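Student: Dumping the structure here so I can ask a few things about it.
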Amino acid sequence: MKFKDMPYQRPDMDTLLARYAQLAADAEQADAQGLLDVFAAHCELQVDYYTAWQLASIRHTCDTEDEFYNGEQDFFDENSPRVNNAVLALYRAILANPAKEVLAEKYAPLLLEKMEVKVKSATPEILELMQQENALSTEYEKLYASARIPFDGKILSVAQLTPYKQSPDRAVRRAAFEAEGAFFDQNREKLDDIYDQLVKNRTQQARKMGYENYIPLGYIRMERLGYGQAEVESYRRQIVRDVVPLAAQAMARKLERIGVKDAKFYDLNLEFASGNPVPHGTPEEILAAGQEMYHQLSPETAGFIDLMMENGLFDVLSRPGKAPGGYCSDLPKWRCPFIFSNFNGTSGDVDVLTHEAGHAFAAYMAFSQDLPGELLYPGMESCEIHSMSMEFLTSPYHHAFFKQDTDKYALAHAEDALFFLPYGCMVDEFQHIVYANPELTPAQRNEAWLELEKKYRPWVDMDNLPFYGRGAGWQRQLHIFGSPFYYIDYCLAQTVALQFFAAWLKDPADAWQRYLALVKKAGTLPYAGLVQSAGMKVPFEEGSLAQVAREVADWIANHQVN
């Protein structure tokens, strides 16, 4: 069904919650077959409720000024914690039932593990706090989307300002960053207040549940399975030791390439003195090229992209009032994904057709299997493997977008992947500092961010830019507000994606088959198991980062173009 024709109806909360209460009661007394029946009924409820929620959320982000879907977003902000509590009550009843192993036998052993993690994530006592948290996250999103920045005789959103931040003209780059910073500075008090409330809210939730601070609860909500804070800290140490020096060398080469000797923060987005490689063609032509790319890649991706195109499952044009960023969501009732983005005429437009389409392809493959919602997807650190690896595995077809600039795009993309690892770890460590010290003032949080810049990106000079110069640049990172502790997942996935890149350089066909095998496992294995199933090294292993970082850095050094 075409997305525009998908009917939306607000769920009847009284009926839904009463049904879940009955299922929980039934699960307490059920035999093995009864437990299977209870779980099947839950799956049906889950599909209907989640589809309605995502329809409302997608249509809200497509136009944050639409009053109807604003109201529906508010409805789900308020009621999703109530549904979550009802589902957790069902999980508790299932886990207490001696016949629970029948579910592991029918679906996957990981199903019960995921339930056990989920029941640790919330209690009815924090329902009101979770509702407030949702409302605060939505308030931040609306504030971000409200940006109307005067620049170059136009009124632009933050996303529409991006091409100017990559201009070959240094004065234009700086002016674009100043204009962007001015918007955030104008809303400084509001941004500080929203985040302060979020930190204190999440800390209060954690303490009501018996945790010292939000960090352990945040890990539980990210459904970390098989590793924890110690492993993540070890990973970040490896990044500082084994990746930052190589990234610094790559950055030095890039700055020499663009002819900048006294590099400032606003210079770092420029890849080549002549300008960054950009896709050729209109948005419609870019999407058409993407469809052809996936037709050539494999029979599986051909079926996937036809479904997306024929049913209008993209919203990629940037416009005023549209929420910032990009994402892939899914609509289980219609067994299809949906891609949201903000095209702005940069190479990021193509990244949507590789990164977000990687997520969407994984969803498409998962929907082809008879899996419950809990097993459709692995943890986010594994989901991001789907997207980040696809960016590299589609390399043979990037010429359709970049023409004569394809080699430039390949170089810039590999560099960006290497540069991202320190940045992603900086975001993660920042959040650990904040939630370990929830009483920090806004100024102290900014000071912490600037200190982390020196640790992870020693090549950065803010040059007294507004907003960025005072250490508030982290407020542009949507995940810090809305999805705490998510960002390290990108790093863990990028490390594996770079291994896929190295494998693709040796044998493209083998790399694709290993990727396809990983995707087909959907959410039936935890992170380490999925990585190992593809024959890759788990990044927590000592020395694993050094090897892949060196391979990528060497490729970058040997493929310099001007």
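The values are calculated or read from the model by the stated rules, or taken from the named source; none is laboratory data. Predicted model only: the values in this text are computed from it and were never measured. Positions of Cβ are backbone-derived with ideal geometry, glycine not excepted, and every protein chain shown enters the neighbour counts. Surface accessibility is based on the protein's heavy atoms, side chains included, excluding ligands, DNA and RNA. Shrake-Rupley method; radii C 1.70, N 1.55, O 1.52, S 1.80 Å.
Student: So C328 passes all but one of these: (1) in contact (Cβ under 8 Å) with a residue 60 or more places away in the chain; (2) of a type outside the set (F, W, Y); (3) in contact with an Asp or Glu (Cβ under 8 Å, 6 or more places away or on another chain); (4) within 30 Å of A366 (Cα to Cα). Which condition number does it fail?
Tutor: Here C328 meets the rest and fails (1).
Student: D5 versus (1) farther than 20 Å from D330 by Cβ; (2) open to solvent by 40 Å² or more (accessible area, probe 1.4 Å); (3) not small (G, A, S): which is the lone unmet condition?
Tutor: (1)
Student: Just checking, which of R148, R92 is of a type in the set (K, R) and over 30 Å from G529 (Cα atoms)?
Tutor: Values: R92 fails: over 30 Å from G529 (Cα atoms).
Being of a type in the set (K, R) and over 30 Å from G529 (Cα atoms) holds for just one of R148, R92, which is R148.
Student: Follow-up question, since we're still on this one. So if I check each of A27, A56, A21, A32, which one is touching a Phe, Trp or Tyr at 6+ places or on another chain (Cβ under 9 Å), touching a residue at least 40 places away in the same chain (Cβ under 8 Å) and within 29 Å of A96 (Cα to Cα)?
Tutor: Working: A56 fails: within 29 Å of A96 (Cα to Cα); A21 fails: touching a Phe, Trp or Tyr at 6+ places or on another chain (Cβ under 9 Å); A32 fails: touching a Phe, Trp or Tyr at 6+ places or on another chain (Cβ under 9 Å).
Residue meeting the stated conditions: A27.
Student: Among F402, F420, which is the only one that is part of a helix (DSSP H, G or I) and touching a Ser or Thr at 6+ places or on another chain (Cβ under 9 Å)? Before you say what the answer is, go through the steps one by one.
Tutor: On the way: F420 fails: touching a Ser or Thr at 6+ places or on another chain (Cβ under 9 Å).
Answer to the selection: F402.
Student: Continuing with the same structure: Could you tell me which of the residues Y107, Y91 is open to solvent by 30 Å² or more (accessible area, probe 1.4 Å), among the hydroxyl-bearing types (S, T, Y) and farther than 25 Å from G325 by Cβ?
Tutor: Values: Y91 fails: open to solvent by 30 Å² or more (accessible area, probe 1.4 Å).
Going through Y107, Y91 in turn, just one is open to solvent by 30 Å² or more (accessible area, probe 1.4 Å), among the hydroxyl-bearing types (S, T, Y) and farther than 25 Å from G325 by Cβ: Y107.
Student: Right, here's the next one. What number of residues within the range 423-446 are open to solvent by 20 Å² or more (accessible area, probe 1.4 Å), in contact with a helix residue (DSSP H, G or I) (Cβ under 6 Å, 6 or more places away or on another chain) and among the β-branched types (V, I, T)?
Tutor: Counting residues in the range 423-446 that are open to solvent by 20 Å² or more (accessible area, probe 1.4 Å), in contact with a helix residue (DSSP H, G or I) (Cβ under 6 Å, 6 or more places away or on another chain) and among the β-branched types (V, I, T) gives 1.
Student: Restricting to helices (runs of 4 or more DSSP H) lying wholly in the range 96-171: which have 2 or more residues that are touching a residue at least 12 places away in the same chain (Cβ under 8 Å) and either charged (D, E, K, R) or over 19 Å from N342 (Cα atoms) (or both)? Step through it out loud before you land on a result.
Tutor: Numbers: elements: 101-106, 110-119, 127-145, 162-165.
In the range 96-171, the matching helices (runs of 4 or more DSSP H) lie at 101-106, 110-119, 127-145.
Student: Please indicate, with yes or no, whether at least one residue in the range 238-251 is closer than 24 Å to L161 by Cβ, touching a residue at least 12 places away in the same chain (Cβ under 8 Å) and not aromatic (F, W, Y).
Tutor: Step one: filter the range 238-251 for residues closer than 24 Å to L161 by Cβ, giving 251.
Restricting the remaining residues to those that are touching a residue at least 12 places away in the same chain (Cβ under 8 Å) gives 251.
Restricting the remaining residues to those that are not aromatic (F, W, Y) gives 251.
Scanning the range 238-251, I find at least one residue that is closer than 24 Å to L161 by Cβ, touching a residue at least 12 places away in the same chain (Cβ under 8 Å) and not aromatic (F, W, Y), so the answer is yes.
Student: Is the range 46-54 home to any residue that is within 33 Å of the chain's Cα centre (by Cα), more than 21 Å from L375 (Cα to Cα), open to solvent by less than 30 Å² (accessible area, probe 1.4 Å) and among the polar types (S, T, N, Q)? If you could, list the steps in order and put the result at the bottom.
Tutor: Let us first name the residues in the range 46-54 that are within 33 Å of the chain's Cα centre (by Cα), namely 46-54.
Okay, now just the ones that are also more than 21 Å from L375 (Cα to Cα), so none.
Scanning the range 46-54 turns up no residue that is within 33 Å of the chain's Cα centre (by Cα), more than 21 Å from L375 (Cα to Cα), open to solvent by less than 30 Å² (accessible area, probe 1.4 Å) and among the polar types (S, T, N, Q).
Student: Also, I was wondering about something else. Any idea which of (1) open to solvent by less than 10 Å² (accessible area, probe 1.4 Å); (2) touching a residue at least 40 places away in the same chain (Cβ under 8 Å); (3) within 17 Å of the chain's Cα centre (by Cα) is the one F420 doesn't satisfy?
Tutor: (1)
Student: Here's something else I'd like to know. So in the range 144-176, with the set limited to residues that are aliphatic (A, V, I, L, M) and open to solvent by 30 Å² or more (accessible area, probe 1.4 Å), which one is farthest from the chain's Cα centre (by Cα)? Walk me through how you get there before you give the answer.
Tutor: Here is the first cut: in the range 144-176, the residues aliphatic (A, V, I, L, M) are 145, 147, 149, 155-156, 158-159, 161, 171-172, 175-176.
Imposing the further condition that a residue be open to solvent by 30 Å² or more (accessible area, probe 1.4 Å) reduces the set to 155, 171-172, 175.
Working: I155: 28, A171: 32, V172: 30, A175: 29 Å.
Within the range 144-176, the match that is farthest from the chain's Cα centre (by Cα) is A171.
Student: Report every pair of residues separated by at least 6 positions or lying on different chains whose Cβ atoms are under 7 Å apart, first residue within the range 79-94 and in a helix (DSSP H, G or I), second of a type in the set (D, E, K, R) and open to solvent by 20 Å² or more (accessible area, probe 1.4 Å).
Tutor: L88/K118; Y91/K118; A93/E28; I94/K100
Student: Give the range 537-562 a look and list any residue that's part of a helix (DSSP H, G or I), within 25 Å of I488 (Cα to Cα) and out of contact with any Leu (no Cβ under 6 Å at 6 or more places or on another chain), or say none. Spell out how you get there, then give the answer.
Tutor: Let us first name the residues in the range 537-562 that are part of a helix (DSSP H, G or I), namely 544-558.
Add one more test, that the residue is within 25 Å of I488 (Cα to Cα), and what stays is 544-556.
S544, L545, A546, Q547, R550, E551, D554, W555, I556 - these are the residues of the range 537-562 that are part of a helix (DSSP H, G or I), within 25 Å of I488 (Cα to Cα) and out of contact with any Leu (no Cβ under 6 Å at 6 or more places or on another chain).
Student: Let me ask something additional. What's the total number of residues in the range 277-332 that are of a type in the set (D, E, K, R), over 23 Å from the mean Cα position of the chain (by Cα) and farther than 16 Å from E356 by Cα?
Tutor: Filtering the range 277-332 down to residues of a type in the set (D, E, K, R) leaves 284-285, 292, 300, 306, 310, 315, 319, 322, 330.
Next, from what is left, pick out any that are over 23 Å from the mean Cα position of the chain (by Cα): 284-285, 292, 300, 306, 310.
Restricting the remaining residues to those that are farther than 16 Å from E356 by Cα gives 284-285, 292, 300, 310.
Final tally of qualifying residues: 5.
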